[in-house]
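A short write-up of the structure that comes next.
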Amino acid sequence: MLNFDYYGMFDYDEAGGDTYQYTSEEFSSLIQGITGNGISANYLNQFQPTVNGLDITIKSGAAFINGRWGYNSAAKTISLSPTTSTTKRIDRIVIELDVASRVIGLNTLVGTATTGTPTAPALNDNQIAVCSVLVANGSTTTLTDERVFTYSAAEVQKQLNEIKAKMGNLAF
């Protein structure tokens, strides 16, 4: 057999002479291959965002980022800063992974205030968007839902079965 460069997961067997245990990076690459990045489509309230003035509430949910998993069982509220009466900006609420600190949480990426057309701050590889919020004329806000969902294998199979049934049981 021609072995792959990397393979696993196998039980650690000290009696069998194993000297290797998996790292979090290796285990996370397995999870990443199964889930991808996104908000879990079937967990609690899927981090649904709502806006009330400058307060953004993110409901409960779970998310996967680069094979790491985090969840929140209760809503969290983030307060944005107002703009001047003549400027506007787009802030972005993200779920962020900090591998060095070993945490996942909500963060606000504050956009640049402008009298022209604002743009949302860019995401990095350790962030997934929940929503963007246009803040204009001081405290007028408009929320845009930017959530991207990831699904369990069971949910994917369920959806495929429904599509297959609608298409007359075509093989694929």
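Observations on the structure shown:
- Under Karplus coefficients 6.51, -1.76 and 1.60, residue-wise ³J(HN,Hα) of segment 73-82 in Hz, glycine/proline x: 8, 9, 5, 10, 10, 10, 9, 8, 8, x
- Aspartates and glutamates whose Cα lies under 19 Å from that of LYS164, excluding same-chain neighbours fewer than 8 positions away: GLU155
- Here each label is just a point 7 Å from Cα along the line to Cβ, and for VAL110 and THR84 those points are 1.5 nm apart.
- 5 Å binning of all Cα-Cα separations within segment 1-131, expressed as whole percents from 0 upward: 2, 9, 15, 17, 15, 12, 9, 7, 5, 4, 3, 2, 1, 0, 0
- The value for segment 57-103 of Rg(Cα) / (2.2 N^0.38 Å) is 1.52.
- A Förster radius of 35 Å combined with the Cβ-Cβ distance from SER139 to SER60 puts the calculated FRET efficiency at roughly 0.85.
- Taking each residue as 0.36 nm, the span from LEU44 to GLU162 lengthens on full extension beyond its C-alpha to C-alpha distance by 40.2 nm.
- Environment charge at GLY67 (Cβ cut-off 11 Å; Lys +1, Arg +1, Asp -1, Glu -1): -1
- Estimated inter-spin distance, GLU25 and VAL99, nm [label 7 Å along Cα→Cβ]: 0.6
- Shown in residue order for segment 135-147 are the 3J(HN,Hα) couplings computed by the Karplus curve 6.51 cos²θ - 1.76 cosθ + 1.60 at θ = phi - 60°: 10, 9, 6, x, 9, 7, 10, 10, 8, 10, 6, 10, 5 Hz (x for Gly and Pro).
Where a number appears in this text, it was derived from the coordinates with a stated rule and is not lab data. Just so it is clear, the structure is predicted and the values come from calculations on it, not from any experiment. We place every Cβ from the backbone using ideal geometry, glycine too, and count neighbours over all the protein chains shown.
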